[in-house]
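The values are calculated or read from the model by the stated rules, or taken from the named source; none is laboratory data. Quantities reported herein were computed from a predicted structural model and do not represent experimental measurements. Here the Cβ positions follow ideal geometry from the backbone for every residue, glycine too, while neighbour counts run over all protein chains shown. Each accessible area value is taken on the protein alone, full model and side chains, heavy atoms only, with ligands, DNA and RNA left out. Shrake-Rupley method; radii C 1.70, N 1.55, O 1.52, S 1.80 Å.
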Amino acid sequence: MDLFDTPDKEEILKHVVLLRGFVVPVENEVLPALATVITLAPLRHMITPGGFAMSVATTSCGDLGWVSDKNGYRYAACDPLTGKAWPAMPASFKQLAKQAASMAGFENFEPDACLINRYEVGARMGLHQDKDERDFSQPIVSVSLGVPAMFQMGGFARADKVMKLPLYHGDLVVWGGESRLRFHGVLPIKAGSHPVLGECRINLTFRKAG
Ligand code: SIN
Ligand code: FE2
């Protein structure tokens, strides 16, 4: 930890900032808003370009949503499941993402996409880079809710050494700047339970995609 960091703000690598428990004070706004979004745009297991169903179930809110199908990964203005625009990004989500980005040193973050991933026991996310966005000067803001996860933050090649970081309910990680294109992933989720979310972990990832 850096000498000037507070205990709940830690720069774990250059431009990778962990804000422990940052979401807890606003979870009473964030969790109901999340439930509304999921009602309007249900979680579903998207198909990778290679033809496999993802182990995480996903949905989105905001002007753009992340989609995957046999044609590849991309952002789209409409939910392919409902044919309608993605639900608006709740004000509590946007405020949280902007405050966190600012705390991490990224001012004027204007997220237009929030990807929602639900991990049940055993679900994982292989190492990947977030590179479907237009502007890599904008950070990624990632919120962890529900049961814990072991997050992996790697380097700029898939085979680079990874740093393992346990993430708990309410933790938030921001990465950008020279770390924006680091490989990252999530190890298979272990059994557990959260009083509101049950036996799953939910990750919200805010991006400026368009
Ligand atoms: C992602 O990289 O899309 C998800 C990361 C996470 O679930 O923590
Ligand atoms: Fe990612």
Could you check how many residues of segment 45-54 are surrounded by fewer than 17 Cβ atoms within 10 Å (Cβ to Cβ) and either under 24 Å from K208 (Cβ atoms) or among the hydroxyl-bearing types (S, T, Y) (or both)? 2
Within segment 55-64, how many residues are part of a loop (DSSP other than H, G, I, E, B), open to solvent by 20 Å² or more (accessible area, probe 1.4 Å) and not charged (D, E, K, R)? 1
So which residues in segment 132-170 are open to solvent by less than 10 Å² (accessible area, probe 1.4 Å) and away from ligand 2 (no atom under 15 Å from the Cβ)? L145, G146, V147, G170
Do you know which residues across segment 181-207 are surrounded by fewer than 21 Cβ atoms within 10 Å (Cβ to Cβ), under 21 Å from D112 (Cα atoms) and not aliphatic (A, V, I, L, M)? T205
Can you run down the residue pairs with Cβ atoms below 8 Å, 6 or more apart or on separate chains, where the first is in segment 180-199 and of a type in the set (D, E, K, R) and the partner is within 16 Å of ligand 2 (Cβ to nearest atom) and not in a loop (DSSP other than H, G, I, E, B)? R180/I140; R182/L13; R182/V16; R182/M153; R182/W175
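Pick from segment 119-131 the residues that are over 26 Å from G105 (Cβ atoms) and open to solvent by less than 60 Å² (accessible area, probe 1.4 Å): which of them is nearest to ligand 1 (Cβ to nearest atom)? Give the derivation first.
Within segment 119-131, the first condition is being over 26 Å from G105 (Cβ atoms), and the residues that meet it are 119-124, 126.
Subset that is open to solvent by less than 60 Å² (accessible area, probe 1.4 Å): 119, 122-123, 126.
On the way: Y119: 7, G122: 14, A123: 9, G126: 10 Å.
Among those residues, the one meeting the criterion is Y119.
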How many of the residues making up segment 65-95 are part of a helix (DSSP H, G or I) and surrounded by fewer than 13 Cβ atoms within 10 Å (Cβ to Cβ)? 1
Restricting to segment 177-190, and then to whatever is more than 13 Å from ligand 2 (Cβ to nearest atom) and not charged (D, E, K, R), can you tell me which residue is farthest from E27 (Cα to Cα)? G177
Could you give every pair whose Cβ atoms fall below 7 Å, whose first residue belongs to segment 120-142 and is part of a strand (DSSP E or B), and whose second residue is open to solvent by 60 Å² or more (accessible area, probe 1.4 Å) and of a type outside the set (F, W, Y), counting only separations of at least 6 or pairs across chains? E120/E199; L127/R158
